[in-house]
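The values are calculated or read from the model by the stated rules, or taken from the named source; none is laboratory data. Bear in mind the structure is a predicted one, so any value in this text is a computation, not a measurement. Glycine also receives a Cβ, built like all others from the backbone with ideal geometry; neighbour counts cover every protein chain displayed. The area values use the complete protein model at the heavy-atom level, side chains included, leaving out ligands, DNA and RNA. Shrake-Rupley method; radii C 1.70, N 1.55, O 1.52, S 1.80 Å.
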Amino acid sequence: TVLGINETEEDYENIYVYEKEGFKIAFLNYTYGTNGIPIPDSKPYIVNMLDKDKITADVTKAKQLADMVIVLPHWGTEYVYTPDSNQNYWTQLFLSLGVDVVIGTHPHVLEPVEGVSDTKGHEMLVYYSLGNFVSNQDHSPRMLGAMAKVTMVKDDSGAYVKSYSVVPLVTQKLFGKGQITTYKLSDYTQTLASQNAIRRDENGADFSLSFCQNLAQQV
């Protein structure tokens, strides 16, 4: 059985809108691919692909239903710290359609966060990659991930991003049931880092608290 995010064609066309106290935010998800897993010909609707026509239709509909639109793309090049040309292409499309926030995943490492704007003055916030929230991979940089923290406001002037930040995270990789977990980098210590099983791997020998701090700052 091939599982997808849409059980029916109706789900494929549906726009998810979260509402609280009259503030409506639409969430849209897309992926560059399915890692080689074929999508059944009988169910082409089970996954939302990064498709220009589909995205254009969805965002147009979402802007009619909601005050703000957030897109969550599965995109980019694994283990690369900067956005690639494909990410840049979709970013420009999202911007032209009036998307407000983009939160990306897939590269397994952190990538930059920036605000972009068009000639009409529309501003869009882009988290190119949050990296891994928790990881059993075998390279030091892949132990570092992040959470996006975004404050959105709706008032008499409209709906907009008031502030944003990044909360860096570190995977504490230990072997054994229930032993792998995640810390905020601000709470992480060198004592914990010295116990991290990533250090046993030849690609993790450089792992330390300062390694994580420096990489987070660099990105």
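Got a sec? Which of TYR32, TYR16 is within 16 Å of the chain's Cα centre (by Cα) and open to solvent by 60 Å² or more (accessible area, probe 1.4 Å)?
TYR32
From (1) outside any strand (DSSP E or B); (2) touching a strand residue (DSSP E or B) at 6+ places or on another chain (Cβ under 9 Å); (3) open to solvent by less than 60 Å² (accessible area, probe 1.4 Å); (4) of a type outside the set (Ser, Thr, Tyr), pick out the condition that doesn't hold for GLN92.
Of the numbered conditions (1) outside any strand (DSSP E or B); (2) touching a strand residue (DSSP E or B) at 6+ places or on another chain (Cβ under 9 Å); (3) open to solvent by less than 60 Å² (accessible area, probe 1.4 Å); (4) of a type outside the set (Ser, Thr, Tyr), the odd one out for GLN92 is (3).
If you go through the stretch 35-63, how many residues are acidic (Asp, Glu) and either open to solvent by less than 60 Å² (accessible area, probe 1.4 Å) or touching a strand residue (DSSP E or B) at 6+ places or on another chain (Cβ under 6 Å) (or both)?
Adding up the residues that qualify gives 1.
Among the residues of the stretch 90-97, are any in contact (Cβ under 8 Å) with a residue 40 or more places away in the chain and touching a helix residue (DSSP H, G or I) at 6+ places or on another chain (Cβ under 6 Å)?
Taking every residue of the stretch 90-97 in turn, at least one turns out to be in contact (Cβ under 8 Å) with a residue 40 or more places away in the chain and touching a helix residue (DSSP H, G or I) at 6+ places or on another chain (Cβ under 6 Å).
State whether one or more residues within the stretch 73-85 are hydroxyl-bearing (Ser, Thr, Tyr), within 20 Å of VAL161 (Cβ to Cβ) and modelled with pLDDT of 95 or more.
There is no residue in the stretch 73-85 that is hydroxyl-bearing (Ser, Thr, Tyr), within 20 Å of VAL161 (Cβ to Cβ) and modelled with pLDDT of 95 or more.
Within the stretch 111-147, can you find the residues that are in contact (Cβ under 8 Å) with a residue 60 or more places away in the chain and more than 12 Å from the chain's Cα centre (by Cα)?
ASP138, HIS139, SER140, PRO141, ARG142, MET143, LEU144
Here is a list: HIS139, HIS122, HIS106. Which entry is at positive phi and open to solvent by 20 Å² or more (accessible area, probe 1.4 Å)?
Only one candidate qualifies: HIS106.
For the stretch 148-159, give me each residue that is surrounded by 15 or more Cβ atoms within 10 Å (Cβ to Cβ) and either under 21 Å from GLY104 (Cβ atoms) or among the aliphatic types (A, V, I, L, M) (or both).
ALA148, VAL150, MET152, ALA159, listed by residue number.
For the stretch 198-210, check the following and say yes or no: at least one residue is modelled with pLDDT of 95 or more and either open to solvent by 90 Å² or more (accessible area, probe 1.4 Å) or over 14 Å from MET143 (Cβ atoms) (or both).
Taking every residue of the stretch 198-210 in turn, at least one turns out to be modelled with pLDDT of 95 or more and either open to solvent by 90 Å² or more (accessible area, probe 1.4 Å) or over 14 Å from MET143 (Cβ atoms) (or both).
Output the residues belonging to the stretch 14-70 that are assigned to a strand (DSSP E or B) and within 21 Å of TYR128 (Cα to Cα).
ILE25, ALA26, PHE27, LEU28, ASN29, TYR30, THR31, MET49, MET68, VAL69, ILE70
Please determine whether any residue of the stretch 172-185 is on the phi > 0 side of the Ramachandran plot and surrounded by fewer than 20 Cβ atoms within 10 Å (Cβ to Cβ).
Checked against the condition, which is being on the phi > 0 side of the Ramachandran plot and surrounded by fewer than 20 Cβ atoms within 10 Å (Cβ to Cβ), the stretch 172-185 yields at least one hit.
Can you confirm whether the stretch 129-149 contains a residue that is out of contact with any Lys or Arg (no Cβ under 6 Å at 6 or more places or on another chain), over 30 Å from GLY204 (Cα atoms) and among the β-branched types (Val, Ile, Thr)?
No, the conditions are met nowhere in the stretch 129-149.
Looking at this structure, is SER135 modelled with pLDDT of 95 or more and polar (S, T, N, Q)?
no
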